[in-house]
Amino acid sequence: MHAAAQRWTIASSSWNLLRKQWLDRKQEQITVIQEGTKRTEEREEAEHRSPTWSILRALQKINKAKRLEGEAIMSAPPFFQSAGRGDLKL
C-alpha cells in the first residue's frame, strides 16, 4: 500500500485463504479488500449486521445453498462452493 492508503486489519486465516486465491493479482486483491472494507463500514454505520458463519452454515444446510451472494471478500466463509457480489467473484 502507498502512504496515502487507508489501513485495515484482516484475520490471518482469511488473509491466507485470500492470498492463495489471488496469487499473481496482489494489487487487485488489495483494491477489492479496501472497497469491501469501506462498504462494510458504511453498512455498519447504517446499523446493518452481517450474519455469523454459524448462522450462514445453518441457512446453507436448510436451503442447500452452494453460493453466497453479497458479503465482503474478508467475511465470505470458505464452506460455500462460490461467493460473490454482482460480477465480482470471491
Residue that is surrounded by the most Cβ atoms within 10 Å (Cβ to Cβ) [pool: residues in region 40-65 that are modelled with pLDDT of 80 or more and charged (D, E, K, R)] = R57
ask   = When E71 is evaluated against the numbered criteria (1) part of a loop (DSSP other than H, G, I, E, B); (2) at pLDDT 75 or above, which criterion, by number, is the only one it fails?
value = (2)
task = With the condition kept exactly as written, say whether any residue in region 41-58 is under 17 Å from G86 (Cβ atoms) and in a helix (DSSP H, G or I).
result = yes
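The values are calculated or read from the model by the stated rules, or taken from the named source; none is laboratory data. In this text the structure is predicted, and so the values were computed from the model without any measurement. Every residue, glycine among them, receives a Cβ derived from its backbone with ideal geometry; neighbour counts consider all protein chains shown.
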